[in-house]
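The values are calculated or read from the model by the stated rules, or taken from the named source; none is laboratory data. Predicted model, so just to flag it, every value in this text is computed and none were measured. Note that we place each Cβ from the backbone using ideal geometry, even for glycine, and neighbour counts take in every protein chain shown.
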Amino acid sequence: MNDLVFDTAPNDLDAFWMPFTPNRAWKQDPRFVTRAEGMHYVTPDGRRILDAIAGLWCVNAGHCHPRIVEAIRAQAGQLDFASSFGLGHPAAFEYANRLTEAAPPGFNRAFFAGSGSEAVDTALKLALAFHNIRGEGQRVKLVGRQRSYHGVGFGGLSVAGIGTQRRHFGPLLPGVSHLPHTHDPKRNAFSRGRPAHGGENFADALEGMLYAQDPSTIAAVIVEPVAGSTGVLVPPVGYLERLREICDRHDLLLIFDEVVTGFGRLGAAFGSQALGVVPDLICCAKGMTNGAVPMGGVLINDRVAEGLLSQQDGATEFMHGYTYSGHPLAAAAALATLQVYQEEELFQRAATTAQTWEDAMHALRDAPGVTDIRNIGLLAAIEFGAEAGGSPARARAIAARCFDAGVLIRAVGDSLVLSPPLPVTAEQIEQIADTIRQEARAT
Ligand SMILES: Cc1ncc(COP(=O)(O)O)c(C=O)c1O
């Protein structure tokens, strides 16, 4: 027994400042987990909690997968750390090769980072540097979208569109505009999969913005193919296709932030493949290592990569990187994770399970106070809107009761968001839906 591995809740909760958490309130009523296996967490008193959110959209292959655990152990014992600044170690190269094989055609380079936030900042900098090097240095502006989440770096926060997360941090990056979000409950509530209405109109807002802004000053547009953290907003039919068209017309790079939609969540390696629209840069993290070691990355298409690599002065082509870019433990975990996804055919499995998931989620329409249900792949949100007496407090109370009833679900705003590990079974889906129904009735 290792005395640094704990099975009981700690006595003193003061020193650890918990991220994105109301610390004082949480510490009055804390909830702990100490173990995990497969689809479940285990609490200090031995209760098994079905994980309906894959940790935090990360643990796509299920917890403590033996193959991934073993890869991390073996790598930690052989090569704990090596910088990738001018020094190589094999696992990072091997993983970049395997990852680019899984990516859409034309993505043959990967830049590694330590998190989704770092991946986003890396992608924004790649876009700026690409234009700069090809003599379009006036392209310095960025376009994000309302209600988007792109992590917490100053770049990601600048293009993100959740006002409450920005309000204490000053003006952020200059030259950033935001597209309208695509949530249109009047026309699209209770859509199964991609909503039918509004796709091209929402995307045409980009053309409208370019009217006011001189498109030749804009470097890139960044969107999540499906907005996750704001409450699973699924792109309406035609939306991403139209964004791609407009970006092409004005030579803007299109960045997909696939930190949530990557690694099987939509039934393919990347959301880009599931949704049939190819961006120029793809940000990923989370499911990359099954959440087991922090890692993020950017997949770079050939045009951008070759533009940057074409510089002839022998200098560093992209003046950017992190101490932990391509960290040996992360690369080993990521290699093992990709093998697990492929050998257990988890992306195909997610695609097949998606219909059962959709049916079970939409059957919750009869639960009290539900005003919208959104789903795609193995993602869903159940909204308890104000028009039926709902509120963020009610969503939080339902999520807390679900935990006590044995299912981990997350509340964001007035919605419950769900993203189970990809091996989720039909019985487990039923348990998740039954628990939500029961706790919505009781709350
Ligand atoms: C779409 C998206 N981008 C970026 C991030 C940031 O990732 P990280 O928390 O690893 O920095 C997240 C995290 O939830 C995310 O959902």
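Computed quantities for the displayed model
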| quantity | calculated |
| --- | --- |
| Breaking point among (1) in a loop (DSSP other than H, G, I, E, B); (2) surrounded by fewer than 24 Cβ atoms within 10 Å (Cβ to Cβ); (3) in contact with a strand residue (DSSP E or B) (Cβ under 6 Å, 6 or more places away or on another chain), for M209 | (1) |
| Checking S83 against (1) among the small types (G, A, S); (2) in contact (Cβ under 8 Å) with a residue 60 or more places away in the chain; (3) touching a strand residue (DSSP E or B) at 6+ places or on another chain (Cβ under 8 Å), the condition it does not meet | (3) |
| Selection status of G62, within 19 Å of the chain's Cα centre (by Cα), modelled with pLDDT of 95 or more and more than 16 Å from the ligand (Cβ to nearest atom) | yes |
| Residue ranges of helices (runs of 4 or more DSSP H) in the stretch 96-181 with at least 3 members more than 15 Å from the ligand (Cβ to nearest atom) and farther than 23 Å from R303 by Cβ | none |
| So G156, is it surrounded by fewer than 23 Cβ atoms within 10 Å (Cβ to Cβ), within 24 Å of C283 (Cα to Cα), touching a helix residue (DSSP H, G or I) at 6+ places or on another chain (Cβ under 8 Å) and in the same structural domain as F256 (by TED's automatic domain parsing) | no |
| Among the candidates A285, A336, A292, residue that is closer than 16 Å to Y95 by Cβ, assigned by TED's automatic domain parsing to the domain that holds H131 and touching a strand residue (DSSP E or B) at 6+ places or on another chain (Cβ under 8 Å) | A285 |
| Residue in the stretch 164-190 that is surrounded by the fewest Cβ atoms within 10 Å (Cβ to Cβ), counting only those that are of a type in the set (S, T, N, Q) and within 22 Å of the chain's Cα centre (by Cα) | T164 |
| Residue in the stretch 324-337 that is within 13 Å of the ligand (Cβ to nearest atom) and not basic (K, R) present | yes |
| Members of the stretch 191-201 found to be in a helix (DSSP H, G or I) and more than 22 Å from the chain's Cα centre (by Cα), listed by number | E200, N201 |
| Selected residue [more than 16 Å from the ligand (Cβ to nearest atom), in contact with a Ser or Thr (Cβ under 6 Å, 6 or more places away or on another chain) and β-branched (V, I, T)] from V226, V278 | V278 |
| Residues of the stretch 416-431 that turn out to be crowded, with 23+ Cβ neighbours inside 10 Å and either over 13 Å from M361 (Cα atoms) or at pLDDT below 95 (or both), as a count | 3 |
| Residue pairs meeting the criteria (Cβ under 8 Å; at least 6 apart or on separate chains; first surrounded by fewer than 10 Cβ atoms within 10 Å (Cβ to Cβ) and at pLDDT below 95, in the stretch 1-14; second β-branched (V, I, T) and part of a loop (DSSP other than H, G, I, E, B)) | T8/T34 |
| Long-range neighbours under 7 Å by Cβ, at least six apart or interchain, first residue closer than 20 Å to I382 by Cα within the stretch 180-202, second modelled with pLDDT of 95 or more and of a type in the set (K, R) | H181/R145; H181/R147; H183/R147; F190/R365; S191/R374; H197/R187 |
| Which listed residue, of T34, T100, is within 24 Å of Q348 (Cβ to Cβ) and surrounded by fewer than 18 Cβ atoms within 10 Å (Cβ to Cβ) | T100 |
| Answer residue from the stretch 232-263, given it is away from the ligand (no atom under 15 Å from the Cβ) and in a loop (DSSP other than H, G, I, E, B) and is surrounded by the fewest Cβ atoms within 10 Å (Cβ to Cβ) among those | D251 |
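Each row is one residue, and each column tells you yes or no for (1) surrounded by 14 or more Cβ atoms within 10 Å (Cβ to Cβ); (2) among the hydrophobic types (A, V, I, L, M, F, W, C).
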position	(1), (2)
T21	no, no
W26	no, yes
I49	yes, yes
A52	yes, yes
G88	no, no
